[in-house]
Amino acid sequence: MFSSAVLQLLLTASLSSQKASSPPSAAAPHRLFFSHCVFLFLFSCRRRKAGILPSLEDLLFYTIAEGQEKIPAHKFTTALKATGLRTGDPRLKECMEMLKVTLKTTSDGALDRHLFKKCVQSNIVLLTQAFRKKFVIPDFQPFCAHIDDLYENAKNLSGGQVADYIPQLARFSPDLWAVALCTVDGQRHTVGDTKVPFCLQSCVKPLKYAIAVHDHGTEYVHRFIGKEPSGLRFNKLFLNEDDKPHNPMVNAGAIVCTSLIKVMNFMNKLAGNEYVGFSNATFQSERESGDRNFAIGYYLKEKKCFPEGTDMTSILDFYFQLCSIEVTCESASVMAATLANGGFCPITGERVLSPEAVRNTLSLMHSCGMYDFSGQFAFHVGLPAKSGVAGGILLVVPNVMGIMCWSPPLDKLGNSVRGIQFFSLSLDLFFQDLVSLCNFHNYDNLRHFAKKLDPRREGGDQRVKSVINLLFAAYTGDVSALRRFALSSMDMEQRDYDSRTALHVAAAEGHAEVVRFLLEACKVNPVPKDRWGNTPMDEAVHFGHHDVVTILRDYHNQYSPQDTQDSATDKQNAEKNLDGML
Ligand code: GLU
């Protein structure tokens with residue numbers, strides 16, 4: 001579990017020990033790098049057990065204490081929140097309870113190493129993951145800052161109409177606007193009116209479909225309901241060629257779906273026991289104003305769309321009740337996150353839905369979830385989502401996070417104006433939206449398309465991997481690999497722990513073609529110094545690679561020292577050159 005943290009720690013330690021012992025020569029440190037990794041990995045667990053290495057609790061203490069003897073409690077909770085965890089997270093219950101008790105015994109509200117250990121040890125796995133940046137969004141704070149910017153941009157929008165067919169919806173202020181997200185690791189962020197209860201309305205449709213599939217399996221559920229977008233308004237009195245509702249996201253399908261489910265405590269489990277309420281007034285109003293749904297109900301009954309023995313009117317009641325389930329933006333983000341997390345609630349760890357149910361649900365949300373805007377939403381945003389007449393949009397970034405947006409004013413197709421703006425379709429150049437900022441679209445390429453932000457990308461680990469790959473390619477003379485790296489916007493000047501660059505390694509190994517590529521196509525700094533003060537030229541001379549010496553000298557003569565130092569301008573030119581040379 002903690003092997004790679006140990007690795008990172010020991011790698012850092014090995015850096016300082018090497019400082020004292022390494023020869024100031026060009027002996028290939030990249031070779032040592034690999035053997036170090038393997039060696040340290042194998043021995044770390046044993047050494048930890050033998051008490052030679054500090055415990056995980058101690059490591060956590062040193063990380064947060066930043067050289068101080070004690071950690072003030074507020075410093076710990078602030079650091080914790082920065083990772084995205086909440087102090088109220090059910091997975092941190094023991095730690096928080098112990099913290100409360102322990103703080104009563106201190107005079108200054110601070111924890112020394114011993115007290116800190118006592119507090120964190122029962123939740124050490126989750127805490128270590130959090131502080132080692134092992135969560136799906138490793139740098140959570142910068143990501144949240146982007147979300148806040150998107151929120152602010154959409155806040156100023158004024159268009160749209162608040163639904164007014166029942167008084168319970170009409171009373172909402174058009175200014176209400178909230179965004180809440182929960183990642184699959186339970187990192188939370190909220191902005192705006194995220195604690196105001198509102199009814200799920202049609203956002204409940206994917207949830208009840210998921211419950212139906214979880215309980216009965218795909219085959220049984222789809223005996224009664226199709227899987228195809230209808231191309232018609234959500235409450236149209238219309239069935240497909242087999243006399244079934246088109247899909248479970250339109251009213252007819254959702255009413256049939258209602259006849260297949262029984263239990264309500266699913267909703268609480270989906271929300272990790274956060275706020276789930278019920279608006280009886282909304283239920284009554286929905287029933288009184290629900291002529292169209294009654295019409296659909298009778299039509300479904302006539303066409304024998306329900307399982308045998310179904311009492312259609314009580315199913316309609318249940319349908320209206322499900323529409324009237326209340327959530328807050330915060331609690332609904334956990335529901336969405338449970339869908340993002342394959343049916344496991346991220347904050348309780350409980351399995352709520354089967355993987356089959358979640359996969360089906362996401363597929364149908366993707367194709368049918370946004371009323372008559374579903375095709376466009378799938379095109380522009382490329383993510384499964386479901387909107388409701390109360391102004392909610394429940395969106396899932398599979399394997400990453402659930403997001404709930406809520407703002408009552410709706411556009412002509414019934415989707416929240418601010419919600420749509422937040423996720424996509426920012427026409428104003430200065431407005432950003434989530435999908436043009438982050439590569440969350442289902443068909444965004446994650447490997448080569450480096451221009452968009454990928455908040456999932458791992459900071460530390462990824463960098464180590466990328467240095468290893470880069471130096472290894474330089475060591476083996478693999479120019480085609482280097483071309484690929486350069487094309488995917490890898491930093492070709494990055495250094496290993498000895499401050500050695502790909503150019504050092506290629507020069508030391510005598511790979512003339514690599515040296516030329518790095519200099520001419522990538523415009524890397526030709527005179528970087530490693531930690532012994534050696535430049536690539538020193539390496540080439542030392543190992544007698546005369547052809548490399550000539551390339552480096554010629555290149556150097558071509559550019560004045562001023563030019564070679566001005567790497568910012570060079571980098572821009574390099575991008576243009578790459579197009580020509582690759
Ligand atoms: N109660 C509404 C109906 O069934 C739900 C509308 C919606 O959110 O799409 O007509």
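The values are calculated or read from the model by the stated rules, or taken from the named source; none is laboratory data. Given the structure is predicted, the values throughout are model-derived calculations rather than measurements. All Cβ positions, glycine included, derive from the backbone under ideal geometry; neighbour counts span all protein chains shown. Surface accessibility is based on the protein's heavy atoms, side chains included, excluding ligands, DNA and RNA. Shrake-Rupley method; radii C 1.70, N 1.55, O 1.52, S 1.80 Å.
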Report, by residue number, each residue of the range 198-217 that is more than 15 Å from S374 (Cβ to Cβ), within 16 Å of the ligand (Cβ to nearest atom) and charged (D, E, K, R). K208
Hey, can you tell me all the residues within the range 478-511 that are outside any loop (DSSP other than H, G, I, E, B) and within 19 Å of V541 (Cβ to Cβ)? A502, L503, H504, V505, A506, A507, A508, E509
Hey, any hits in the range 378-389 for a residue that's open to solvent by 20 Å² or more (accessible area, probe 1.4 Å), modelled with pLDDT of 95 or more and either within 16 Å of the ligand (Cβ to nearest atom) or of a type in the set (A, V, I, L, M) (or both)? yes
Residue count for the range 162-184, restricted to those that are open to solvent by 40 Å² or more (accessible area, probe 1.4 Å) and out of contact with any strand residue (DSSP E or B) (no Cβ under 6 Å at 6 or more places or on another chain): 7
Failed item in (1) out of contact with any Gly (no Cβ under 9 Å at 6 or more places or on another chain); (2) of a type in the set (F, W, Y); (3) within 15 Å of the ligand (Cβ to nearest atom), with Y220 passing the rest: (3)
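Conditions (1) within 16 Å of the ligand (Cβ to nearest atom); (2) farther than 20 Å from F234 by Cα; (3) at pLDDT 95 or above; (4) of a type in the set (F, W, Y), marked per residue:
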position	(1), (2), (3), (4)
A252	yes, no, yes, no
M264	no, yes, no, no
A271	no, yes, yes, no
F278	yes, yes, no, yes
Q284	yes, yes, yes, no
S289	yes, no, yes, no
A295	yes, no, yes, no
Here are some conditions: (1) within 16 Å of the ligand (Cβ to nearest atom); (2) open to solvent by less than 50 Å² (accessible area, probe 1.4 Å). G159 meets all but one. Which one does it not meet? (1)
Residues (under 23 Å from N293 (Cα atoms) and either away from the ligand (no atom under 16 Å from the Cβ) or open to solvent by 10 Å² or more (accessible area, probe 1.4 Å) (or both)) located in the range 313-363: T313, S314, I315, D317, F318, Q321, E326, T361
Name the single residue that is nearest to G419 (Cα to Cα) among those in the range 131-161 being touching a strand residue (DSSP E or B) at 6+ places or on another chain (Cβ under 9 Å) and among the small types (G, A, S). A154
Residue count, the range 520-546, condition part of a helix (DSSP H, G or I) and surrounded by fewer than 24 Cβ atoms within 10 Å (Cβ to Cβ), comes to 7
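Is it the case that V125 is open to solvent by 60 Å² or more (accessible area, probe 1.4 Å) and among the hydrophobic types (A, V, I, L, M, F, W, C)? Explain how you work it out, then say what you get.
Values: open to solvent by 60 Å² or more (accessible area, probe 1.4 Å): yes; among the hydrophobic types (A, V, I, L, M, F, W, C): yes.
Yes: the conditions hold for V125.
Of the residues that sit in the range 227-244 and are within 16 Å of the ligand (Cβ to nearest atom) and under 17 Å from H366 (Cα atoms), which one is modelled with the highest pLDDT? Break it down stepwise before answering.
Applying the first criterion (within 16 Å of the ligand (Cβ to nearest atom)) to the range 227-244 yields 229-230, 232-238.
If we keep only those that are under 17 Å from H366 (Cα atoms) as well, we get 229-230, 232-234.
Numbers: P229: 95, S230: 92, L232: 88, R233: 91, F234: 92.
The residue in question is P229.
Does the range 78-107 hold any residues that are exposed (fewer than 12 other Cβ atoms within 10 Å of the Cβ) and under 22 Å from C144 (Cα atoms), and which are they?
T78, G88
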Just the residues that are at positive phi and more than 14 Å from the ligand (Cβ to nearest atom), please, taken from the range 390-419. N399
Find all pairs meeting these conditions: Cβ atoms under 6 angstrom apart; at least six residues apart or on different chains; first residue within the range 254-269 and closer than 21 Å to S333 by Cα; second residue open to solvent by 10 Å² or more (accessible area, probe 1.4 Å) and among the β-branched types (V, I, T). M267/V276; N268/V276
Would it be correct to say that G290 is small (G, A, S) and surrounded by fewer than 19 Cβ atoms within 10 Å (Cβ to Cβ)? no
Among all residue pairs at least 6 apart or on different chains, which show Cβ distances below 8 Å where the first residue, located in the range 215-226, is of a type in the set (V, I, T) and the second is open to solvent by 30 Å² or more (accessible area, probe 1.4 Å) and in a helix (DSSP H, G or I)? T218/E356
Would you mind listing the helices (runs of 4 or more DSSP H) fully within the range 197-266 where at least 2 residues are touching a Cys at 6+ places or on another chain (Cβ under 7 Å) and surrounded by 18 or more Cβ atoms within 10 Å (Cβ to Cβ)? 204-216
Among S466, S424, which is the only one that is under 20 Å from the mean Cα position of the chain (by Cα), of a type in the set (S, T, Y) and modelled with pLDDT of 70 or more? S424
For residues that are farther than 20 Å from F422 by Cα and touching a helix residue (DSSP H, G or I) at 6+ places or on another chain (Cβ under 6 Å), scanning just the range 164-186, find the one that is nearest to the ligand (Cβ to nearest atom). I166
